[in-house]
Structures are given as structure tokens and as C-alpha cells.
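Peer 1: Structure in C-alpha cells, see below.
The values are calculated or read from the model by the stated rules, or taken from the named source; none is laboratory data. What you see is a predicted model; the values in this text were computed from it and never measured. Note that each Cβ is placed from the backbone with ideal geometry, even for glycine, and that neighbours are counted across all protein chains shown.
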Amino acid sequence: MRLDRFPVTALAWRNLSRAKARSALATLGILIGVVAIISLTMFGTTLQAFFLQDAQDFLQTVQVSPGEDSESPVLDQNEVAEIRQLVDASVYPVESQSLVVGTARDTTRATVTSTDRPRAFVTAATGRIPESWRSGALVGQRLAAQLDVGVGDALRVGDRTVRVVAVLEENPRGGFIQANSGVFLPASQLDTGGTDRVLVREDSPEAAFAAAETIRQQLNTDRREQVRVFDAEASIQRFQNQISTIQTFLLGVGAVSLLVAAVSILNVMLMSAIERREEIGVLRAVGYHRRDVLRLMLGEAVLLGVVGAVGGAVLSVGLGALINELLLGDPTAFSEGVLGNIALGIGFGIGAALLSGLYPAWKAANARPVEALRD
């Protein structure tokens with residue numbers, strides 16, 4: 001009687017059911033390894049999306065300031081006009097100074113920034129940012145708490161007294177404008193004879209990188225740096241390299257977990273082959289070929305791998321949805337490569353189980369029937 005007349009899966013399942021505890025532990029090992037590979041890789045991708053989402057404004061902005069060979073510490077109106085002509089984007093002249101800021105009760109030194117269009121960079125938590133801004137001050141939330149000021153209060157900024165018209169929401173760290181512990185004034189109230197920098201806001205990081213390159217080529221020469229142009233291209237490249245390193249490390253952690261699971265399956269299959277020596281001898285005596293026994297034993301190993309890998313994939317998707325909800329606010333915000341990650345994890349799981357079953361299957365298939373029956 002040939003093995004191919006019987007469903008291999010049914011026989012494999014029956015044999016694994018004889019040692020439920022060992023089979024369950026081996027399956028659990030595969031499941032943990034697959035979860036480690038898929039969910040940790042998902043976590044790295046989601047972490048990257050979270051940071052890029054939080055820094056979107058930073059990535060879409062180019063900062064232009066006087067260069068090393070500039071004759072002036074500020075950019076004049078002609079240079080600002082030239083920048084506007086070079087790019088098809090929003091251009092914001094910005095000036096900043098460090099001034100003494102305070103009330104009758106307390107004073108401190110803070111960064112005072114002026115621009116005609118603060119709405120592009122900050123949002124009011126209390127109060128309102130006027131559309132046509134000519135007077136008043138916008139105060140960062142931390143500075144407002146430190147000085148205990150709110151909307152309508154008087155604030156001394158340098159040698160002038162202004163009225164607080166809005167307290168600002170906290171903005172992300174690492175941006176070109178930090179208003180959390182500073183003050184915003186209209187451009188007319190902080191005149192330094194020019195602007196110390198110009199911010200160019202594009203619609204995407206790629207457009208910002210292209211605008212930065214255009215400004216460099218048109219305003220600078222090979223030997224003279226008339227303007228210094230900073231964009232986030234180098235920063236995002238470093239960040240992506242760091243994320244890639246983290247993902248490789250996490251993949252290694254998952255591979256180690258699968259290695260442990262593979263050793264567990266090897267142990268299960270060896271124990272099964274030893275305990276079933278007599279049964280295998282009977283099968284060989286009644287006509288089973290070596291390849292039939294080999295298929296049966298490998299079928300058991302693959303079945304362990306399939307159950308563990310599929311279970312791990314399902315659990316990983318659930319964990320990935322939870323991570324997406326916590327970091328991105330959307331449980332379905334999976335990256336485009338998520339299916340590839342799942343396939344990779346399942347493939348690793350089944351492959352590890354198959355490789356672990358090769359030696360026990362070969363050993364069982366090459367056992368001599370007479371010696372097996374004699375035992």
C-alpha cells in the first residue's frame with residue numbers, strides 16, 4: 001500500500017496529536033518567531049511614518065540665510081525678491097533676536113521672532129492671531145506659563161510694551177521656528193534693516209529639496225557662498241539609515257526567535273521518530289518506501305510551521321493595528337510593504353520548520369525495517 005493513497009496532512013495531524021504538549025510548544029515557538037519578524041518590522045515602518053508625519057512642516061521647508069562670503073549679516077529686500085523669483089512657493093522673511101521679556105513680576109531672556117504671516121508656523125491655543133497683524137504679541141505656551149501671562153495682559157519686550165493677543169499651541173521640536181518659549185511680533189515692530197533668514201515652504205519634501213538646489217545654483221558660485229541654504233534632505237537620509245539599521249536589528253531578533261523555535265521542532269521530530277521506530281518499521285515492512293516515510297515526517301514538520309506561521313501572521317496584524325492606532329491614530333495605516341513583510345514572516349516560519357524536520361525525517365526514512373521491528 002502506497003502513502004500517496006492517503007491524505008498526508010491527515011496522517012501528519014494524527015501523529016502530532018499523539019504528543020500534543022510537545023507539538024503545541026513547537027508551534028508556539030514558530031508563532032513567536034513569526035510575530036517577532038512581522039510585528040517588529042511593522043513597528044519600525046510605523047515609527048518612521050510617525051516621525052515623518054510629525055516633522056512634515058520641517059521637511060517641506062528650506063531656510064536661506066546670509067552665507068560665509070556675504071557682505072551683510074542680513075538679507076536685503078532685493079535678495080528676498082530674487083529668492084521669490086527663483087521658486088514657485090511661499091516665501092517668508094523672518095527676523096529673530098534675543099531680548100529681555102517680562103512683566104512687573106518677572107523677567108527672562110527669550111527669542112523674539114517677527115514675520116508678517118505667523119499663521120504659517122504657529123496656531124493659537126487661546127486668543128486669536130489677527131489676519132492683518134499690525135500690533136500685539138503672540139506668546140509661546142511655556143513662556144506664558146513661566147511669566148504667568150495670558151490674552152489681554154501687558155508684556156514688556158525689549159524697550160516696548162505690547163499686549164498679548166494669543167498664547168500659542170506647542171509646536172514640534174526641531175523645526176525652523178521654535179515658539180514654545182518665545183514671542184512673535186509683527187515685522188514692523190522688530191526692524192533690523194533686513195531679514196536674517198528666509199523660509200521657503202513647498203508642498204512636499206521632494207519639492208523642497210529641488211527648491212534648495214535651485215537657490216544654491218543660482219545665488220552661489222563655486223568659490224563664493226553668498227547664501228547658506230539648509231534643507232532636510234541630509235537629515236531625512238540619516239534618519240532613514242537609522243530606521244533601516246533598527247529594522248535590520250529587529251529582523252535579527254526575530255530570526256533568533258525562529259532559530260530557537262527550529263531547535264524545538266527538531267527536538268519534537270527526533271522524539272517522534274524515536275518513539276515511532278516500531279510503527280515506521282511496520283510501514284516499511286508492508287511496502288512503504290523511504291520517500292513515503294520522508295514525506296510523512298516532513299509533512300508533520302511543515303504542518304507545525306504552517307499553523308505557527310499563519311497564527312503568528314494573524315497576531316502580528318492585530319499588533320500592527322494596535323501600534324498604528326497608538327502612534328498614527330489610524331489602525332489601518334499599514335505601509336505599502338506590509339504584505340511583503342507578512343509573506344516574509346510566513347516564509348521564514350515554514351522554512352525554519354521544514355529545515356528542522358529534514359534530519360529527523362531522513363533518519364526515520366533510512367531506518368532498517370528489521371532493526372526497527374526488533375526494537
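Peer 1: Which one is surrounded by the fewest Cβ atoms within 10 Å (Cβ to Cβ), of the residues in region 86-103 that are of a type in the set (Gly, Ala, Ser) and in contact with a helix residue (DSSP H, G or I) (Cβ under 9 Å, 6 or more places away or on another chain)?
Peer 2: 90
Peer 1: Let me ask another. Looking only at region 205-223, how many residues end up being modelled with pLDDT of 85 or more and of a type outside the set (A, V, I, L, M)?
Peer 2: 8
Peer 1: Residue pairs, Cβ under 7 Å, 6 or more apart or interchain, first in region 256-272 and in contact (Cβ under 8 Å) with a residue 40 or more places away in the chain, second among the basic types (Lys, Arg). List them.
Peer 2: Partner pairs satisfying both residue conditions: 268/22; 271/22.
Residues are listed down the side, and each one gets a yes or a no for (1) assigned by TED's automatic domain parsing to the domain that holds residue 68; (2) among the small types (Gly, Ala, Ser); (3) closer than 30 Å to residue 338 by Cβ:
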| position | (1), (2), (3) |
| --- | --- |
| 198 | yes, no, no |
| 204 | yes, yes, yes |
| 219 | yes, no, no |
| 227 | yes, no, no |
| 247 | no, no, yes |
| 253 | no, no, yes |
| 258 | no, no, yes |
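Peer 1: Are any residues in region 77-103 under 30 Å from residue 155 (Cβ atoms) and either out of contact with any Lys or Arg (no Cβ under 9 Å at 6 or more places or on another chain) or free of Cβ contacts under 8 Å to residues at least 12 places away in the same chain (or both), and if so, which ones?
Peer 2: Across region 77-103, the qualifying residues are 77, 80, 97.
Peer 1: So residue 309 ticks every box in (1) of a type outside the set (Lys, Arg); (2) modelled with pLDDT of 80 or more; (3) exposed (fewer than 13 other Cβ atoms within 10 Å of the Cβ) but one. Which box is left unticked?
Peer 2: (3)
Peer 1: Does region 118-143 hold any residues that are more than 22 Å from residue 102 (Cβ to Cβ) and not in a loop (DSSP other than H, G, I, E, B), and which are they?
Peer 2: Answer for region 118-143, where residues must be more than 22 Å from residue 102 (Cβ to Cβ) and not in a loop (DSSP other than H, G, I, E, B): 119, 120.
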